[in-house]
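The values are calculated or read from the model by the stated rules, or taken from the named source; none is laboratory data. As the structure is a prediction and not an experimental result, all values here were calculated from the model. FYI the Cβ positions are ideal-geometry reconstructions off the backbone, even for glycines, and counts take in every protein chain you see.
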Amino acid sequence: MYLARVTGRLVATQRYEPGLEGVRFQWIQPLDEAGQPMGAQLVAAVALDVGPGDFVHFIDGREAALALPDETYVPIDVAVTGFVEQAAVNGRDLAKED
C-alpha cells in the first residue's frame, strides 16, 4: 500500500480491454513518507469515488487488478483502494493539503 494525492481525472474515449466498462481513471501523485511528491504521476483505476485533492492509498501489481469491483480480471497496474483520513509524520498531518 502506498500513499498518493489525486491530481486530476482522466477520460478514456476508447478502451481496448473488455471488463473496463464503467471503470474510472484518475491521475495520482505518489508521496514519500514525508508527504512530498515522489516520482512521476500515475494513471490509476479507481474502485471508489475520489476526486482531485483527495488523499488516498493505492496498490500496484496483480493486487491492483483484483481490487476492482467486477469479477472479471482486467490487467491494470495501479488501483486506488481507499481514502486516508489522517496520517501524521512529526506532528504534521499529511492528509491536509499545504
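What residue, of GLY51, GLY35, GLY82, is under 11 Å from ALA4 (Cα atoms), in a loop (DSSP other than H, G, I, E, B) and touching a residue at least 24 places away in the same chain (Cβ under 8 Å)?
Working: GLY51 fails: under 11 Å from ALA4 (Cα atoms); GLY82 fails: in a loop (DSSP other than H, G, I, E, B).
From the options GLY51, GLY35, GLY82, the qualifying one is GLY35.
For region 1-37, how many residues are more than 14 Å from the chain's Cα centre (by Cα) and of a type in the set (A, V, I, L, M, F, W, C)?
Summing the residues that are more than 14 Å from the chain's Cα centre (by Cα) and of a type in the set (A, V, I, L, M, F, W, C) in region 1-37 gives 4.
Quick check: anything in region 63-79 free of Cβ contacts under 8 Å to residues at least 60 places away in the same chain, out of contact with any helix residue (DSSP H, G or I) (no Cβ under 7 Å at 6 or more places or on another chain) and in a strand (DSSP E or B)?
Of the residues in region 63-79, the ones free of Cβ contacts under 8 Å to residues at least 60 places away in the same chain are 63-79.
Those left that are additionally out of contact with any helix residue (DSSP H, G or I) (no Cβ under 7 Å at 6 or more places or on another chain): 63-72.
Cutting the leftovers down to in a strand (DSSP E or B) gives us none.
Scanning region 63-79, I find no residue that is free of Cβ contacts under 8 Å to residues at least 60 places away in the same chain, out of contact with any helix residue (DSSP H, G or I) (no Cβ under 7 Å at 6 or more places or on another chain) and in a strand (DSSP E or B), so the answer is no.
Looking at GLY53, GLY61, GLY22, GLY91, can you tell me which residue is surrounded by fewer than 13 Cβ atoms within 10 Å (Cβ to Cβ), at positive phi and modelled with pLDDT of 90 or more?
Values: GLY61 fails: modelled with pLDDT of 90 or more; GLY22 fails: modelled with pLDDT of 90 or more; GLY91 fails: modelled with pLDDT of 90 or more.
Every option except GLY53 fails the conditions.
Which of (1) without any contact (Cβ under 8 Å) to a residue 40 or more places away in the chain; (2) in contact with a Gly (Cβ under 7 Å, 6 or more places away or on another chain) is the odd one out, the single condition LEU94 does not satisfy?
Status for LEU94: all satisfied but (1).
When you check LEU3 against the structure, is it out of contact with any Cys (no Cβ under 6 Å at 6 or more places or on another chain), in contact (Cβ under 8 Å) with a residue 60 or more places away in the chain and surrounded by 15 or more Cβ atoms within 10 Å (Cβ to Cβ), yes or no? Before you say what the answer is, go through the steps one by one.
Details: out of contact with any Cys (no Cβ under 6 Å at 6 or more places or on another chain): yes; in contact (Cβ under 8 Å) with a residue 60 or more places away in the chain: yes; surrounded by 15 or more Cβ atoms within 10 Å (Cβ to Cβ): yes.
The answer is yes for LEU3.
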